[in-house]
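Q: This is the structure I want to talk about, given as structure tokens.
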Amino acid sequence: QWRTYFTEKMGQDPEHLVLEIGSHYGEVILKMASDSRDTAFIGMDITLKRVVKLAQKAQFGELLNLTSILCNAKYLDALFAPQELDAVLVFFPDPWAKKKRYHKNRLLKPEFLALLASKLKPDATFWFKTDWGPYNAEVLDALHAAGWREIIPESGLASKVYTSRFERLFKEQGLTTYASVWMPPPQLS
């Protein structure tokens, strides 16, 4: 029902439906929503304070095409219909790197990537950024193994430069960041 929700809120059918998982305080998604007012954006986070702050900023900026929701991304199945999303962004998720037992808390594992693929349209994109090399390698291995296709976007949101506060901070410190854009594996009928 997201397209219906945004059609009523925006007063027009949205061209695309984009989800940012882990929107933090919304710096990236606010800029995207401001740049692409015909696209509907959903910022998802698991921290109430961040969700409220993003909602307030969207309201202040009169961004009718942006909604902020409090939700754990593990529950995507309850929120989105199959092939409903045009794009998903996950920028600098917590890699749970400090202790090996925390590996279980990482979001971008094969089970979640399979769920994510089912929610994306066949020509949709998944844009991933991280600053932790081992996590990047693990996610890329899982994407390749599941049949996702890495692309270099020539148009759309993923072809533009959007940097988060985290990314700027890492680059100022001379740290490496990793970014890639993927299309979901072909759906079997």
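The values are calculated or read from the model by the stated rules, or taken from the named source; none is laboratory data. Predicted model, so just to flag it, every value in this text is computed and none were measured. All Cβ positions, even for glycine, are placed from backbone atoms using ideal geometry, and neighbour counts span all protein chains on display. With ligands, DNA and RNA removed, areas are computed over all heavy atoms of the protein, side chains included. Shrake-Rupley method; radii C 1.70, N 1.55, O 1.52, S 1.80 Å.
Q: Could you please let me know if Ala114 is small (Gly, Ala, Ser), under 20 Å from Val181 (Cα atoms) and in contact (Cβ under 8 Å) with a residue 12 or more places away in the chain?
A: Details: small (Gly, Ala, Ser): yes; under 20 Å from Val181 (Cα atoms): yes; in contact (Cβ under 8 Å) with a residue 12 or more places away in the chain: yes.
Yes, satisfied.
Q: Next question. Scanning for something modelled with pLDDT under 90, more than 14 Å from Gly22 (Cα to Cα) and either among the aromatic types (Phe, Trp, Tyr) or out of contact with any Ser or Thr (no Cβ under 7 Å at 6 or more places or on another chain) (or both), does the range 179-187 turn up at least one residue?
A: Looking only at the range 179-187, we keep the residues that are modelled with pLDDT under 90, and these are 186-187.
Remaining after also requiring more than 14 Å from Gly22 (Cα to Cα): 186-187.
Next, from what is left, pick out any that are either among the aromatic types (Phe, Trp, Tyr) or out of contact with any Ser or Thr (no Cβ under 7 Å at 6 or more places or on another chain) (or both): 186-187.
Yes, the range 179-187 contains at least one residue that is modelled with pLDDT under 90, more than 14 Å from Gly22 (Cα to Cα) and either among the aromatic types (Phe, Trp, Tyr) or out of contact with any Ser or Thr (no Cβ under 7 Å at 6 or more places or on another chain) (or both).
Q: Kindly check whether there is at least one residue in the range 10-23 that is under 16 Å from the mean Cα position of the chain (by Cα), more than 19 Å from Ser159 (Cβ to Cβ) and at pLDDT below 95. Give the derivation first.
A: Of the range 10-23, the ones under 16 Å from the mean Cα position of the chain (by Cα) are 16-23.
Applying the additional criterion that residues be more than 19 Å from Ser159 (Cβ to Cβ) yields 21-23.
Filter once more, keeping what is at pLDDT below 95: 22-23.
Looking for residues that are under 16 Å from the mean Cα position of the chain (by Cα), more than 19 Å from Ser159 (Cβ to Cβ) and at pLDDT below 95, one finds at least one in the range 10-23, hence yes.
Q: Quick one: is Met44 closer than 18 Å to Ser164 by Cα and either touching a Ser or Thr at 6+ places or on another chain (Cβ under 6 Å) or among the hydrophobic types (A, V, I, L, M, F, W, C) (or both)?
A: Numbers: closer than 18 Å to Ser164 by Cα: yes; either touching a Ser or Thr at 6+ places or on another chain (Cβ under 6 Å) or among the hydrophobic types (A, V, I, L, M, F, W, C) (or both): yes.
Taking the combined requirement at face value, the residue satisfies it.
Q: Checking Ala58 against (1) surrounded by fewer than 14 Cβ atoms within 10 Å (Cβ to Cβ); (2) under 18 Å from Leu30 (Cβ atoms); (3) modelled with pLDDT of 95 or more; (4) not charged (D, E, K, R), only one condition comes out false. Which one?
A: (1)
Q: Could you tell me which residue of the range 119-157 is least open to solvent (accessible area, probe 1.4 Å), considering only residues that are of a type in the set (S, T, N, Q) and under 15 Å from Leu89 (Cα atoms)? Write out each step before concluding.
A: Here is the first cut: in the range 119-157, the residues of a type in the set (S, T, N, Q) are 125, 130, 136, 155.
Filter once more, so that each one left must be under 15 Å from Leu89 (Cα atoms): 125, 130, 136.
Working: Thr125: 31, Thr130: 0, Asn136: 18 Å².
Per the stated criteria, the residue is Thr130.
Q: Since Arg37 meets every condition but one in (1) surrounded by 14 or more Cβ atoms within 10 Å (Cβ to Cβ); (2) assigned to a helix (DSSP H, G or I), which condition does it not meet?
A: (2)
Q: Here is a further query. Which ones in the range 167-182 are closer than 16 Å to Leu108 by Cβ and either out of contact with any Phe, Trp or Tyr (no Cβ under 7 Å at 6 or more places or on another chain) or open to solvent by 60 Å² or more (accessible area, probe 1.4 Å) (or both)? Before you say what the answer is, go through the steps one by one.
A: Taking the range 167-182 first, the residues closer than 16 Å to Leu108 by Cβ are 177-182.
Tyr178, Ala179, listed by residue number.
Q: Tell me yes or no: at least one residue of the range 68-79 is open to solvent by 10 Å² or more (accessible area, probe 1.4 Å) and in a loop (DSSP other than H, G, I, E, B).
A: Step one: list which residues in the range 68-79 are open to solvent by 10 Å² or more (accessible area, probe 1.4 Å), which gives 68-72, 74-75, 77-79.
Checking the rest, the ones that are also in a loop (DSSP other than H, G, I, E, B) come to 71-72.
Looking through the range 68-79, at least one residue is open to solvent by 10 Å² or more (accessible area, probe 1.4 Å) and in a loop (DSSP other than H, G, I, E, B).
Q: When you look at Ile29, is it surrounded by fewer than 16 Cβ atoms within 10 Å (Cβ to Cβ), touching a strand residue (DSSP E or B) at 6+ places or on another chain (Cβ under 8 Å), at pLDDT 95 or above and not basic (Lys, Arg), yes or no? Show your work before the answer.
A: On the way: surrounded by fewer than 16 Cβ atoms within 10 Å (Cβ to Cβ): no; touching a strand residue (DSSP E or B) at 6+ places or on another chain (Cβ under 8 Å): yes; at pLDDT 95 or above: yes; not basic (Lys, Arg): yes.
Against the criterion (surrounded by fewer than 16 Cβ atoms within 10 Å (Cβ to Cβ), touching a strand residue (DSSP E or B) at 6+ places or on another chain (Cβ under 8 Å), at pLDDT 95 or above and not basic (Lys, Arg)), Ile29 does not qualify.
Q: Could you check Asp77 against (1) over 14 Å from the mean Cα position of the chain (by Cα); (2) modelled with pLDDT of 95 or more; (3) within 21 Å of Leu116 (Cα to Cα) and say which number it fails?
A: Just one mismatch for Asp77, condition (2).
Q: Could you check how many residues of the range 80-93 are free of Cβ contacts under 8 Å to residues at least 60 places away in the same chain and surrounded by 15 or more Cβ atoms within 10 Å (Cβ to Cβ)?
A: Selection size over the range 80-93: 0.
Q: Would a scan of the range 172-180 turn up a residue that is closer than 22 Å to Gly43 by Cα, part of a helix (DSSP H, G or I) and in contact (Cβ under 8 Å) with a residue 24 or more places away in the chain?
A: Checked against the condition, which is being closer than 22 Å to Gly43 by Cα, part of a helix (DSSP H, G or I) and in contact (Cβ under 8 Å) with a residue 24 or more places away in the chain, the range 172-180 yields no hits at all.
Q: Hey, another quick one. Condition first: of a type in the set (Asp, Glu) and at pLDDT 95 or above. Can you find one or more residues in the range 88-109 that meet it?
A: First pass over the range 88-109, keeping only residues of a type in the set (Asp, Glu): 94.
Those left that are additionally at pLDDT 95 or above: none.
No, the range 88-109 contains no residue that is of a type in the set (Asp, Glu) and at pLDDT 95 or above.
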